[in-house]
Amino acid sequence: MNLPTLSRYLPSPLADWRPRLPGLLLVGLLAAASLWLAGGRWAQAHGVSALTLSILGGIVVGNSVYAGMAGLCEAGVGFAKHWLLRAGIVLYGLRLTFQDIGQVGPAGVAIDVLVVASTFGLACWLGTRVFKLQRDTAMLIGAGSAICGAAAVMAAGPVVRGRASAVTVAVSTVVVFGTLAMFLYPALYRFGLDHGWLAMDARQFGVYTGATVHEVAQVVAAGRAVGEAAADTAVITKMVRVMLLAPFLVLLSAALSRQAPQAGGGRAPIMVPWFAFGFVVVAGLNSLHLLPGSLHAALLQLDTILLAMAMAALGLATQVSALREAGLKPLLLAACLFAWLVIGGGAIHRGVTMLG
């Protein structure tokens, strides 16, 4: 039997990848464009991340020319939404170290925990009881507002079995209100100083900013607008808040499994988000500072690329008609959560600081 005949019966790794290549190429091009735009002066000044630009680019292409190539690209787009997302969340741990916790102290950790728990709980209650939204939409908006914006929405999506449209709606709310926060927080700081009612110094305001603003990029932009001291503590506090993503996903998965009994009458098995544990392991390894600086920087860039590709894939799978059908209710829920982050988050910060 000659080699060509043998190749018919032997599994080929390339054969498995060949159907995915067109879709991966498409999301890769969208991610590359978003990374280039995110590096521009305007995007950096306004805290617009590559993830946000990727999903917007995916939506534009997905609702215009993608219909003619969907059959060819479907396998690769699906791979990006599933596996590249999870790999990106694991590598996201390279942005954190356990030493970050020590820098903000017990008070900073307590503020983060209370903000995350109260914001997500409020999202679930308001979303399902008051605004009558589907549970996945309410939970995803809550996750994005409570923890770390688009990355949290993407990470929670598989746990809540969120629809692509629900994920996109949640990411959109992060963009809207996170962008608003970048301008509101520095204005609040200056107004408070001018009128003598701000009971925080720049460092404390940085903790407040990091504990309540949605995206890391938005935290950086808001903190820098106040000053270097505020920016430093804001980023550290935000990183500790991001670190809460892993236990949040595990607890959420356990809670949902109890609420979803199997057909036989027992509880549904807990869907353990393995990538959450990978996230913690990578953060732990990063805390040891074993990686050379150049390799660490390269892996961070790879992580951004993977997440950008996943976001582009999500945008391609989202139809604008589904966003229109969602209506104003998701935006109203996000507005309520934003008000809670600004006012309630400030009250939490004040209370914990006074007790400490």
Inset, instruction - Quick one: among Gly78, Gly315, Gly39, which has the greatest mean-square fluctuation in a GNM of the chain with alpha-carbon springs under 10 angstrom? - result: Gly39
Legend entry - Gyration tensor (alpha-carbon) shape descriptor, region 51-138, a/c threshold 1.5: oblate
Legend entry - Rg and Dmax [Cα atoms of region 143-253; Å; Rg one decimal, Dmax integer]: 15.0, 48
Inset, instruction - Identify all aspartates and glutamates with a Cα-Cα distance to Lys238 below 12 Å; exclude those on the same chain that are fewer than 8 residues away in sequence. - result: Asp100, Asp112, Glu215
Legend entry - For the chain, built as a Gaussian network whose Cα springs stay under 10 Å, the top-fluctuating residue of Pro158, Pro186, Pro19: Pro19
Inset, instruction - Determine which lysines satisfy two conditions relative to Lys329: a Cα distance under 21 Å, and not lying fewer than 8 residues away in the same chain. - result: Lys132
Inset, instruction - Specify the angular offset, from 0 to 90 degrees and rounded to the nearest 10, of the alpha carbon long axis of helix 21-38 from the longest principal axis of the alpha carbons in the chain. - result: 30
Inset, instruction - Choose one answer from Phe248, Phe79, Phe191: the residue with the largest mean-square fluctuation in a GNM of the chain with alpha-carbon springs under 10 Å. - result: Phe191
Inset, instruction - For the chain, just the Cα atoms, rotate onto the principal axes and tell me the three extents in Å, largest first. - result: 86, 51, 40
Legend entry - Estimated FRET transfer efficiency (Leu198, Arg129; beta-carbon r; R0 41 Å; 0.05): 0.75
Legend entry - Nearest-20 debye value, the chain charge dipole, Cβ charges on Lys, Arg, Asp, Glu: 740
Inset, instruction - Any chance you could give the angle, 0 to 90 degrees and rounded to 10, that helix 345-355 forms with the longest Cα principal axis of the chain? - result: 60
Inset, instruction - Any chance you could give the angle, 0 to 90 degrees and rounded to 10, that helix 329-339 forms with the longest Cα principal axis of the chain? - result: 40
Legend entry - Gained length - Leu299 relative to Leu72, 0.36 nm times residue gap less alpha-carbon distance: 78.7 nm
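Values quoted throughout were computed directly from the atomic coordinates according to the rules given, and no laboratory measurement underlies them. What you are looking at is a predicted structure, and each value in this text was computed from that prediction instead of being measured. Reconstructed Cβ throughout: ideal geometry from the backbone, glycine too, with neighbour counts over all protein chains shown.
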